[in-house]
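The values are calculated or read from the model by the stated rules, or taken from the named source; none is laboratory data. These figures come from a predicted structure and were not determined experimentally. Heads up, the Cβs are rebuilt from the backbone with ideal geometry, glycines too, and the neighbour counts pull from every protein chain shown.
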């Protein structure tokens, strides 16, 4: 079982690495793209470490994270919109580097990489706190409401973490021109959260009461 899980995880990992590398470097027209290597490094090196930790300590959670097949109709649309956004955003980043469109200085790229890693650390903490965390919107048998740690601050700390990470991507790649494309992501998240909370209120005991205790969906003191 664990060998099969390792094979699946490595296959997806390498496929993601090749895909992201292609989306960044092919439009850039060169491998001499500092932002591209910076992005791949801060995304895939921690991902490898996290995957190995999950394989050893929480293989069931790793299995769940590998399951990307969404069953909710509304969420399929959200995922499709996200895919189009990222495809266009990465290509625009590469083209910005190739043609010199609104390029950012290296120090901004470094700061953005640091913000990305903060988001990654928050994401890892969410994985530690919530063993029912899934990539798809559903309620599992025996699932309970998590209301401690980051979940005591906002209802969806994972989405807050990914918001930091994804908005940092165009800045890390040095492409200010691509930032408006990535700003679509918060809109996508709002739609996903609304659909997810409707399901959780209906199917997860205690979730409605949890929403009364924790007022903010994703952004502390804002929303």
Per-region count, the range 24-50, residues closer than 23 Å to residue 9 by Cα and surrounded by fewer than 19 Cβ atoms within 10 Å (Cβ to Cβ):
10
Could you grab the pairs with beta carbons closer than 7 Å, sequence gap of 6+ or different chains, first residue in the range 160-174 and more than 16 Å from residue 89 (Cα to Cα), second one not in a helix (DSSP H, G or I)?
160/154; 160/218; 160/219
Can you spot a residue in the range 142-155 that is out of contact with any strand residue (DSSP E or B) (no Cβ under 8 Å at 6 or more places or on another chain), in contact (Cβ under 8 Å) with a residue 40 or more places away in the chain and more than 27 Å from residue 58 (Cβ to Cβ)?
no
Which of the residues belonging to the range 54-64 are under 19 Å from the mean Cα position of the chain (by Cα) and either modelled with pLDDT under 70 or over 12 Å from residue 133 (Cα atoms) (or both)?
54
